[in-house]
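The values are calculated or read from the model by the stated rules, or taken from the named source; none is laboratory data. It should be emphasised that the depicted structure is a prediction, and the values quoted were computed from it without experimental measurement. Neighbour counts run over all protein chains shown; Cβ positions are idealised from the backbone, glycine included.
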Amino acid sequence: MASHIVGYPRMGPKRELKFALESFWDKKSSSEDLEKVAADLRSSIWKQMADAGTKYIPSNTFSYYDQVLDTTAMLGAVPKRYGWNGGEIGFDTYFSMARGNATLPAMEMTKWFDTNYHYIVPELGPDTKFSYSSHKAVSEYKEAKGLGIETVPVLIGPVSYLLLSKPEKGVDKSFSLLSLLGDVLSVYKEVIAELKAAGAKWIQFDEPTLVLDLDDSKLQAFTTAYSELESSLSGLEVLIVSYFADVPAEAYKTLTGLKGISGFGFDLVRGTKTLDLIKSAGFPSGKYLFAGVVDGRNIWANDLASSVDTLNALEAIVGKDKLVVSTSCSLMHTAVDLVNETKLDSEIKSWLAFAAQKVLEVNALAKASAGQKDEAFFVANAAAQASRKSSPRVTNEEVQKAAAALKGSDHRRATNVSARLDAQQKKLNLPVLPTTTIGSFPQTMDLRRVRREYKANKISEEEYVKAIKEEISKVVKLQEELDIDVLVHGEPERNDMVEYFGEQLSGFAFTANGWVQSYGSRCVKPPIIYGDVSRPKAMTVFWSSMAQSMTSRPMKGMLTGPVTILNWSFVRNDQPRFETCYQIALAIKKEVEDLEAAGITVIQIDEAALREGLPLRKSEHAFYLDWAVHSFRITNCGVQDTTQIHTHMCYSNFNDIIHSIIDMDADVITIENSRSDEKLLSVFREGVKYGAGIGPGVYDIHSPRIPSTEEIADRINKMLAVLEKNILWVNPDCGLKTRKYAEVNPALTNMVSACKLLRKELASTNFTSFHLMHLDIIGHI
Ligand code: GLN
Ligand code: ZN
């Protein structure tokens with residue numbers, strides 16, 4: 001049996017690419033330096049896969065930023081505003097699209113399916129001119145070949161590319177992106193021809209949209225596209241890969257009916273029904289089945305014995321020489337190499353496999369079926385599986401019971417939101433359009449060093465507390481000077497919003513280098529939830545009370561919500577996700593209650609990742625939203641009316657789940673908004689009533705660009721057109737930790753001026769319609 005890997009992490013085992021990119025962006029190194037780091041990473045990955053015996057090794061899964069943006073570059077579909085004049089797309093144009101530049105914002109970024117990876121959304125329209133403008137796929141293929149390694153060049157499939165795009169500004173929303181298929185295919189044909197000429201034998205098209213709920217016209221596009229490509233592809237073996245869920249029956253029929261395709265790849269981990277489908281619907285004879293049995297989305301060691309069973313069942317259907325062992329999706333969604341984990345104890349380590357180990361698992365499975373079973377490898381794996389099942393570190397009876405008791409019952413605050421808001425306003429006495437920020441302030445080098453040294457026991461706890469206290473005090477003063485209404489402490493003690501909590505909860509393990517790319521050069525290091533979760537002691541009360549003591553303005557307590565902790569962790573696969581989520585909710589509930597008891601009157605519980613946990617298929621949404629929203633409510637159902645609960649989401653595209661968001665019953669929600677053309681506001685234009693406080697972000701924090709006062713005022717005005725002024729808050733899109741003070745100071749200054757400008761306007765134009773409550777506030781301005 002042969003082996004295949006869908007894709008591999010690009011960042012490097014120690015985030016080498018991240019550092020090379022950031023140094024290049026900061027003009028501290030040249031493009032040649034960056035290219036050298038990238039080439040070294042690619043070659044070591046290819047060699048590693050070849051050494052493990054991998055038959056089908058992917059190329060062109062490397063990217064300087066994002067594989068969808070790479071495809072946009074390949075197609076020459078650069079939005080006009082970036083002023084590109086043709087020719088091979090270089091770093092300048094590429095990174096301007098990705099990150100914006102001094103004068104232009106970046107292109108929109110959105111989540112890649114239900115992962116925590118973000119891709120750059122292509123902007124297309126009837127006037128988009130496609131031309132072959134990045135030869136990356138071919139040059140990477142040749143580069144590997146030069147190293148003596150035959151690879152399978154990977155392209156995002158033409159249909160998925162279009163389905164993941166959006167109509168560019170000024171083009172009607174109803175514009176059919178698929179109408180561009182013919183133009184796009186012309187470029188694909190050129191790429192294919194060049195790959196063939198370079199000697200490629202296989203080509204892989206990633207068509208992950210096949211797992212979505214697609215209507216007939218979209219399914220038809222696959223048939224159209226691949227028959228159009230058929231003659232260009234002749235002479236090549238063609239693999240189409242889907243991942244992240246089952247392929248629905250209709251899509252399966254379309255897919256396996258495509259002409260000129262040699263093999264089909266399926267995710268057999270998340271796609272739990274694939275096996276049944278293949279059994280019942282059949283599999284085209286003579287074609288290869290790439291069986292994704294090794295999980296690309298998690299860090300657990302594969303249960304090899306159970307994979308062998310699956311593979312045997314498939315082999316009986318497709319035949320031995322047509323079955324290929326593979327990963328469920330690209331390994332870019334898991335950590336890179338367990339070898340670099342020196343802090344994990346050997347028991348936990350034995351339960352895990354990162355990308356490098358998964359390559360070995362895939363090959364071990366392939367060899368075993370070819371009669372060359374590595375007995376020692378299989379014995380060690382079986383022992384690890386057994387130890388994980390029976391370890392007392394995994395089970396905490398008390399937690400299990402408490403979480404089980406939550407199921408089936410409801411948890412809500414006693415008073416409705418408008419009455420609560422009144423009670424809170426009496427206590428907080430905020431002006432109309434209150435200003436706030438989302439939590440973090442810039443994380444300077446000094447700050448990172450202090451945390452690092454404290455962790456490494458190089459500085460004492462006393463020195464550490466002193467340094468953090470100084471930082472908090474600086475941030476508090478700055479916000480007072482800026483005249484922000486509801487303050488934050490800036491999160492200087494936090495490296496990461498999930499890791500910080502996970503480190504203080506039991507049932508979590510941490511890696512030293514288990515990084516996963518989130519977007520561009522940014523990586524996250526998800527904790528590993530291996531056991532039942534509980535909170536031994538208060539986690540944030542010390543810092544929040546300290547910060548509150550420095551100001552008379554309200555200081556937000558800052559927590560990460562249970563759904564986000566769950567969705568941004570590597571979650572145990574031995575119990576349902578909702579059970580783990582309820583356990584986390586109970587731990588956060590205790591923290592909320594401790595903060596309230598310590599006199600914190602505004603508590604923000606971030607649920608940045610709530611939406612990304614949404615299952616890909618509509619039929620599964622209601623169940624997920626129900627337990628996710630319930631988990632959030634569990635955390636704060638017990639607080640007093642006067643305690644104001646905020647939540648935050650870094651996501652605008654939730655028009656479809658707005659009712660669940662309302663059902664979270666937070667007092668105030670701040671949401672990402674400005675990077676996606678204020679899509680968010682459309683839901684309110686369409687008449688959804690939102691009675692709680694709401695702060696759609698007034699500027700994009702992902703870009704270094706500083707928004708002007710006029711621009712922000714304009715944004716707030718747009719919001720005022722659809723939202724009542726007495727519920728509107730003014731805040732940036734998200735936390736400021738990745739920005740520099742040189743950007744944050746002017747941006748927040750402009751934000752507050754814009755807000756004051758509007759308060760004045762509101763006071764003069766609309767005075768009589770103000771609630772009594774607001775009259776004395778206006779008096780202060
Ligand atoms: N409170 C967090 C911060 O400001 C929220 C980050 C996020 O939403 N991703 O950094
Ligand atoms: Zn955010």
Any residue in the stretch 440-453 that is farther than 25 Å from Asn731 by Cα and without any contact (Cβ under 8 Å) to a residue 12 or more places away in the chain sitting within a Cβ distance under 9 Å of a residue that is more than 15 Å from ligand 2 (Cβ to nearest atom) and among the basic types (Lys, Arg)? List the pairs, counting only those 6 or more apart or interchain. Arg452/Lys458
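Let's see how each residue does on (1) more than 16 Å from ligand 2 (Cβ to nearest atom); (2) not polar (S, T, N, Q):
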position	(1), (2)
Val688	yes, yes
Ile712	yes, yes
Met719	yes, yes
Asp733	no, yes
Thr738	no, no
Val752	yes, yes
Within the stretch 614-655, work out how many residues are surrounded by fewer than 20 Cβ atoms within 10 Å (Cβ to Cβ), small (Gly, Ala, Ser) and within 16 Å of ligand 2 (Cβ to nearest atom). 0
Close pairs (6 angstrom Cβ cut-off, 6 or more residues apart or separate chains): under 22 Å from Asn116 (Cα atoms) in the stretch 486-504, within 11 Å of ligand 1 (Cβ to nearest atom) and assigned to a loop (DSSP other than H, G, I, E, B) anywhere: Glu491/Gly439; Val498/Trp568; Tyr500/Arg494
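Show me the strands (runs of 3 or more DSSP E) entirely contained within the stretch 482-599 in which 2 or more residues are polar (S, T, N, Q).
Correct list: 516-519.
One residue is enough: does the stretch 417-426 have a residue meeting the conditions surrounded by 19 or more Cβ atoms within 10 Å (Cβ to Cβ), in contact with a Ser or Thr (Cβ under 9 Å, 6 or more places away or on another chain) and over 28 Å from Asn573 (Cβ atoms)?
Looking through the stretch 417-426, at least one residue is surrounded by 19 or more Cβ atoms within 10 Å (Cβ to Cβ), in contact with a Ser or Thr (Cβ under 9 Å, 6 or more places away or on another chain) and over 28 Å from Asn573 (Cβ atoms).
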Across (1) in contact with a Leu (Cβ under 8 Å, 6 or more places away or on another chain); (2) not in a loop (DSSP other than H, G, I, E, B), Arg705 clears everything bar (2)
Considering only the stretch 601-652, state which residues are polar (S, T, N, Q) and within 11 Å of ligand 1 (Cβ to nearest atom). Gln604, Thr647
On the basis of being over 25 Å from Leu181 (Cβ atoms) and not aromatic (Phe, Trp, Tyr), does Leu104 make the cut? yes
Scan the stretch 587-604 and tell me whether some residue there is modelled with pLDDT of 95 or more, crowded, with 22+ Cβ neighbours inside 10 Å, under 27 Å from Ser506 (Cβ atoms) and small (Gly, Ala, Ser). yes
Among the residues of the stretch 546-569, are any more than 16 Å from ligand 1 (Cβ to nearest atom) and within 26 Å of Gly296 (Cα to Cα)? no
Would you check if there is a residue in the stretch 100-119 being outside any loop (DSSP other than H, G, I, E, B), at pLDDT 95 or above and not aromatic (Phe, Trp, Tyr)? no
Exclusive hit being under 30 Å from Ile716 (Cβ atoms) and among the polar types (S, T, N, Q), set Asn381, Asn340, Asn363, Asn429: Asn429
Just wondering, is there one or more residues in the stretch 649-661 that are part of a strand (DSSP E or B) and either at negative phi or without any contact (Cβ under 8 Å) to a residue 60 or more places away in the chain (or both)? yes
Checking Thr738 against (1) away from ligand 1 (no atom under 16 Å from the Cβ); (2) surrounded by fewer than 20 Cβ atoms within 10 Å (Cβ to Cβ); (3) at pLDDT below 95; (4) within 28 Å of the chain's Cα centre (by Cα), only one condition comes out false. Which one? (1)
By residue number, the members of the stretch 388-443 that are outside any loop (DSSP other than H, G, I, E, B), within 16 Å of ligand 1 (Cβ to nearest atom) and in contact with a Gly (Cβ under 6 Å, 6 or more places away or on another chain) are Ser440
Please determine, by comparing only the residues of the stretch 656-686 that are among the small types (Gly, Ala, Ser) and more than 20 Å from Met107 (Cβ to Cβ), which one is nearest to ligand 2 (Cβ to nearest atom). Ala666
Just checking, which of Lys287, Lys273, Lys259, Lys322 is under 30 Å from Gly531 (Cα atoms), of a type in the set (Lys, Arg) and either without any contact (Cβ under 8 Å) to a residue 60 or more places away in the chain or in contact with a Pro (Cβ under 7 Å, 6 or more places away or on another chain) (or both)? Lys273
Tell me yes or no: at least one residue of the stretch 667-678 is polar (S, T, N, Q), more than 16 Å from ligand 1 (Cβ to nearest atom) and either touching a residue at least 60 places away in the same chain (Cβ under 8 Å) or crowded, with 17+ Cβ neighbours inside 10 Å (or both). no
Name, by its number, the condition in (1) in a loop (DSSP other than H, G, I, E, B); (2) in contact with a helix residue (DSSP H, G or I) (Cβ under 7 Å, 6 or more places away or on another chain); (3) over 15 Å from Thr71 (Cα atoms) that does not hold for Ser134. (3)
In the stretch 572-586, the residues that are of a type in the set (A, V, I, L, M, F, W, C) and surrounded by fewer than 24 Cβ atoms within 10 Å (Cβ to Cβ): Phe578, Leu586
Taking the stated definitions as given, is Ala747 of a type in the set (A, V, I, L, M), away from ligand 1 (no atom under 14 Å from the Cβ) and surrounded by 22 or more Cβ atoms within 10 Å (Cβ to Cβ)? yes
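Residue by residue, here is whether (1) in contact with a helix residue (DSSP H, G or I) (Cβ under 7 Å, 6 or more places away or on another chain); (2) crowded, with 20+ Cβ neighbours inside 10 Å holds:
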position: Gly146; (1), (2): no, no
position: Glu150; (1), (2): no, no
position: Lys166; (1), (2): no, yes
position: Asp172; (1), (2): no, no
position: Ser179; (1), (2): no, no
position: Tyr188; (1), (2): yes, yes
Of the listed residues (Lys320, Lys287, Lys253), the one being modelled with pLDDT under 95 and surrounded by fewer than 24 Cβ atoms within 10 Å (Cβ to Cβ) is Lys320
Hits in the stretch 717-735 - residues which are in a loop (DSSP other than H, G, I, E, B) and either more than 18 Å from Arg705 (Cβ to Cβ) or more than 16 Å from ligand 1 (Cβ to nearest atom) (or both): Ala721, Val722, Leu723, Glu724, Trp729
Given (1) surrounded by 21 or more Cβ atoms within 10 Å (Cβ to Cβ); (2) without any contact (Cβ under 8 Å) to a residue 24 or more places away in the chain; (3) not aromatic (Phe, Trp, Tyr), where does Lys27 come up short, assuming only one miss? (1)
Could you please let me know if Gly514 is within 16 Å of ligand 1 (Cβ to nearest atom), among the small types (Gly, Ala, Ser) and out of contact with any Leu (no Cβ under 6 Å at 6 or more places or on another chain)? no
